[in-house]
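Participant: Here's a structure for you.
The values are calculated or read from the model by the stated rules, or taken from the named source; none is laboratory data. Being a predicted model, the structure only gives us computed values, none of them experimental. Reconstructed Cβ throughout: ideal geometry from the backbone, glycine too, with neighbour counts over all protein chains shown.
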Amino acid sequence: MHDVSHAAPWSTGSWPAADKPTLYRDLAQELEALLAGESDATANAANAAAALYHALPALNWAGFYFLRGDELVLGPFQGKPACVRIPIGRGVCGTAARDRRSILVPDVDAFPGHIACDSASRSELVVPLLDGDRLLGVLDMDSPDLGRFDADDQSGCESLVAIVVRHLR
Ligand code: SME
């Protein structure tokens, strides 16, 4: 079983002094170890949301929405209670799901149709969960800081999502 007691990235609460790609690679290894050996999708999504929320600085929300019929439904997350159902094509999450691509929003007020679940959120990154051609849902991360996410965060989170998807099957 994975030993969660040692100093995993989500125990430190801040970026160590290293470049972001290196940190995302380290986090990917830890996430893989955290999820390995468990086949319950809810447990793995819950632990992944907690790991990301505590490992990545300056977040006020991190979690999953899963595709249920023609809408996204709230899954495991960390942060304040959030809107439960998001139609495909609505908000940042619904747009990322419809277009099956990551969406990086430096300023949520500048994104037409942004759904404000927590008024503290200023920037957002949404990554679709794709298992081959099949859309499972999205990973959503919110920050209270404007411009919190950059291209390194996007590619780093896309590689983390690939790990999560393998452990949702
Ligand atoms: N802001 C999202 C809604 C989900 S919450 O941020 C948790 C959106 O516009 O889709």
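Participant: Could you list all residues from the stretch 101-147 that are within 13 Å of the ligand (Cβ to nearest atom), charged (D, E, K, R) and in a loop (DSSP other than H, G, I, E, B)?
Facilitator: ASP107, ASP118, ARG122 - these are the residues of the stretch 101-147 that are within 13 Å of the ligand (Cβ to nearest atom), charged (D, E, K, R) and in a loop (DSSP other than H, G, I, E, B).
Participant: Residues being of a type in the set (Asp, Glu) and closer than 16 Å to ALA96 by Cβ: count how many of those fall in the stretch 107-132.
Facilitator: 2
Participant: If we scan the stretch 32-47, do we find a residue that is within 16 Å of the ligand (Cβ to nearest atom) and either modelled with pLDDT under 95 or touching a helix residue (DSSP H, G or I) at 6+ places or on another chain (Cβ under 9 Å) (or both)? Let's see the steps before the verdict.
Facilitator: If we filter the stretch 32-47 for residues that are within 16 Å of the ligand (Cβ to nearest atom), which is where we start, we get 45-46.
From what is left, the residues that are either modelled with pLDDT under 95 or touching a helix residue (DSSP H, G or I) at 6+ places or on another chain (Cβ under 9 Å) (or both) are 45.
Yes, there is a match, as at least one residue in the stretch 32-47 is within 16 Å of the ligand (Cβ to nearest atom) and either modelled with pLDDT under 95 or touching a helix residue (DSSP H, G or I) at 6+ places or on another chain (Cβ under 9 Å) (or both).
Participant: Out of the residues in the stretch 62-81 that are among the charged types (D, E, K, R) and in a strand (DSSP E or B), which is nearest to ASP118 (Cα to Cα)?
Facilitator: From the stretch 62-81, those among the charged types (D, E, K, R) are 68, 70-71, 80; that's our starting set.
Those still in the list that are in a strand (DSSP E or B) too: 68, 71.
Details: ARG68: 23, GLU71: 20 Å.
So, considering only residues that are among the charged types (D, E, K, R) and in a strand (DSSP E or B), the one nearest to ASP118 (Cα to Cα) is GLU71.
Participant: Tell me whether the stretch 47-63 contains one or more residues that are at positive phi and hydrophobic (A, V, I, L, M, F, W, C).
Facilitator: yes
Participant: Any chance the stretch 50-65 includes a residue that's out of contact with any helix residue (DSSP H, G or I) (no Cβ under 7 Å at 6 or more places or on another chain), within 11 Å of the ligand (Cβ to nearest atom) and either within 26 Å of LEU135 (Cα to Cα) or modelled with pLDDT of 95 or more (or both)?
Facilitator: Looking for residues that are out of contact with any helix residue (DSSP H, G or I) (no Cβ under 7 Å at 6 or more places or on another chain), within 11 Å of the ligand (Cβ to nearest atom) and either within 26 Å of LEU135 (Cα to Cα) or modelled with pLDDT of 95 or more (or both), one finds at least one in the stretch 50-65, hence yes.
Participant: Please verify whether the stretch 102-111 includes one or more residues that are buried (at least 22 other Cβ atoms within 10 Å of the Cβ), on the phi > 0 side of the Ramachandran plot and either touching a Gly at 6+ places or on another chain (Cβ under 8 Å) or touching a residue at least 12 places away in the same chain (Cβ under 8 Å) (or both).
Facilitator: Looking for residues that are buried (at least 22 other Cβ atoms within 10 Å of the Cβ), on the phi > 0 side of the Ramachandran plot and either touching a Gly at 6+ places or on another chain (Cβ under 8 Å) or touching a residue at least 12 places away in the same chain (Cβ under 8 Å) (or both), one finds none in the stretch 102-111, hence no.
Participant: Touching a helix residue (DSSP H, G or I) at 6+ places or on another chain (Cβ under 7 Å) and within 7 Å of the ligand (Cβ to nearest atom) - does that describe any residue in the stretch 86-97?
Facilitator: Yes: the stretch 86-97 contains one or more residues that are touching a helix residue (DSSP H, G or I) at 6+ places or on another chain (Cβ under 7 Å) and within 7 Å of the ligand (Cβ to nearest atom).
Participant: Ok, one more. Of the residues in the stretch 146-169, how many are over 16 Å from LEU23 (Cβ atoms), over 11 Å from the mean Cα position of the chain (by Cα), hydrophobic (A, V, I, L, M, F, W, C) and surrounded by 18 or more Cβ atoms within 10 Å (Cβ to Cβ)?
Facilitator: 2
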